[in-house]
Amino acid sequence: MYIRAASNISPQNTFGNQSFLQELVEYTGDKLTCIEPDYKSLIDPKLIRRMSRIIKMGVAAGMDCLQQAGIDAPDAIVTGTAYGCLEDTNTFVSKMVQQNEDALAPTAFIQSTHNTISAQIALLLQCHRYNNTFVNGGASFENALLDAMMLLNEGEANTVLAGGIDEITANSHAILSRMGSYRRQPTSSLSLLHCPGKGTMAGEGSAFFLLSNDASGNDLAKIDAVSGFYKPDNLSEIEQRINNFLSAQNISINDIDTIITGKNGYTVNDGIYGQLNQLLFANTPTINYKHLCGEYPTSSAFAFWLAANALKNGGFPPTISSATIPLKKVLIYNHYQNIHHSLILLSAC
């Protein structure tokens, strides 16, 4: 399966014709928020007024991805999101309380469902084909990828628009902060991983990819395999899962040029990565990505975009890695709160 095009709205300058992370944007505090583009170039201004922030981010990234690929409409649209349209949900519930469940405007309710983003893209494209949204917490994006792979492998589609998206809202951030998910003291995003402690920095993003079974000659990268597992018992099981995943592709860890891990600065979260770096990953270069986009359930979509562009460009930018070896295979290993673990293997075309 080939990645023909990719579009990413994130806390870094990743959208449009930006250079590949030649300069990193630094954030201080406990969250990283997206750098949003001028939506008028991608969405009818009359429609923008009715769209919440996450819908605009999702639609813009999806439409931009299709424009890059030169495709009017895909054969399928598949998205992954853990939280869905939180802002619209909050608006609807708040007004329901304030107005005593009487005379409620329907717009916020209609746009509060998790599948609103993929539905909006389909409506704008008049795409009456397969459309699915996965809401599986930290495995949402990976499940969307697996669904896209099955559609392509079974011949149900020739092109699939797949994406992962989640947003930060004031209420969701406040709730997760009370649960101890984020840093109590202001922290620099670029030093986050060098200063481990309790909590991390919140993040958000919208990344979409046009996937196809057929090589175009200008693809970003090739997806070899995607897999996930749930609540492993111990480190030995994690190692075994990774080895089995690679063995199924007839390779070993020594064939991987770089591993992208989901280290986020939270001591409890990062223990697994530290142990793997001393054992299974000891002889393989590893890099991290959550100091660039923050922590959120579908952040692996950002790692997916990062790996695809690195494979297309022949390596990571100096701001990410000093390694100069040509990239042929990249493994993404991420876990979300040690609940959902995922493995994605990509290779150069």
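Working only within segment 298-320, note down all residues that are among the aromatic types (Phe, Trp, Tyr) and within 15 Å of ASP257 (Cβ to Cβ). Answer for segment 298-320, where residues must be among the aromatic types (Phe, Trp, Tyr) and within 15 Å of ASP257 (Cβ to Cβ): just PHE316.
The residue pairs whose first member lies in segment 97-114 and is farther than 22 Å from GLU167 by Cβ, whose second member is of a type in the set (Phe, Trp, Tyr), and whose beta carbons are closer than 9 Å, counting only pairs six or more residues apart or on different chains, are LEU104/PHE92. For the criterion of being modelled with pLDDT under 95, in the same structural domain as MET51 (by TED's automatic domain parsing) and in contact with a helix residue (DSSP H, G or I) (Cβ under 9 Å, 6 or more places away or on another chain), THR159 fails. Taken over segment 122-162, the criterion of being small (Gly, Ala, Ser), surrounded by 20 or more Cβ atoms within 10 Å (Cβ to Cβ) and in a helix (DSSP H, G or I) is satisfied by ALA122, GLY138, ALA139, SER140, ALA144, ALA148. Quick check, is ALA348 over 21 Å from ALA248 (Cα atoms), of a type in the set (A, V, I, L, M), modelled with pLDDT of 95 or more and surrounded by 17 or more Cβ atoms within 10 Å (Cβ to Cβ)? Here the answer is no, as ALA348 does not meet what is asked. Whenever a residue of segment 287-305 is among the small types (Gly, Ala, Ser), its partners that are at pLDDT 95 or above and in a helix (DSSP H, G or I), lying with C-beta atoms within less than 7 angstrom and at least six residues away or across chains, give the pairs SER299/LYS290; SER299/CYS293; SER300/PHE141; SER300/GLU142; ALA301/PHE141.
In the set (1) farther than 21 Å from SER300 by Cα; (2) part of a helix (DSSP H, G or I), the condition left unmet by GLY180 is number (2). Would you confirm whether any residue within segment 240-252 is within 18 Å of ILE320 (Cβ to Cβ) and in contact (Cβ under 8 Å) with a residue 24 or more places away in the chain? There is no residue in segment 240-252 that is within 18 Å of ILE320 (Cβ to Cβ) and in contact (Cβ under 8 Å) with a residue 24 or more places away in the chain.
Going by the conditions given, is ILE165 touching a helix residue (DSSP H, G or I) at 6+ places or on another chain (Cβ under 9 Å), buried (at least 17 other Cβ atoms within 10 Å of the Cβ) and outside the structural domain of SER300 (by TED's automatic domain parsing)? So ILE165 fits the description; yes. Selection over segment 321-333 of residues that are at pLDDT 95 or above and part of a loop (DSSP other than H, G, I, E, B) gives a count of 1. Within segment 30-50, residues that are touching a residue at least 40 places away in the same chain (Cβ under 8 Å) sit with their Cβ atoms under 6 Å from residues that are of a type in the set (Asp, Glu), at 6+ positions apart or across chains, in these pairs: CYS34/GLU204. Based on what the data block shows, is PRO326 in contact with a Ser or Thr (Cβ under 6 Å, 6 or more places away or on another chain), in contact (Cβ under 8 Å) with a residue 12 or more places away in the chain and over 29 Å from THR81 (Cα atoms)? Here the answer is no, as PRO326 does not meet what is asked.
The values are calculated or read from the model by the stated rules, or taken from the named source; none is laboratory data. Fair warning: this is a prediction, and the values are worked out from it, not measured in the lab. Because the Cβ atoms are built from the backbone with ideal geometry, glycine has one as well, and the counts that use them run over all protein chains shown.
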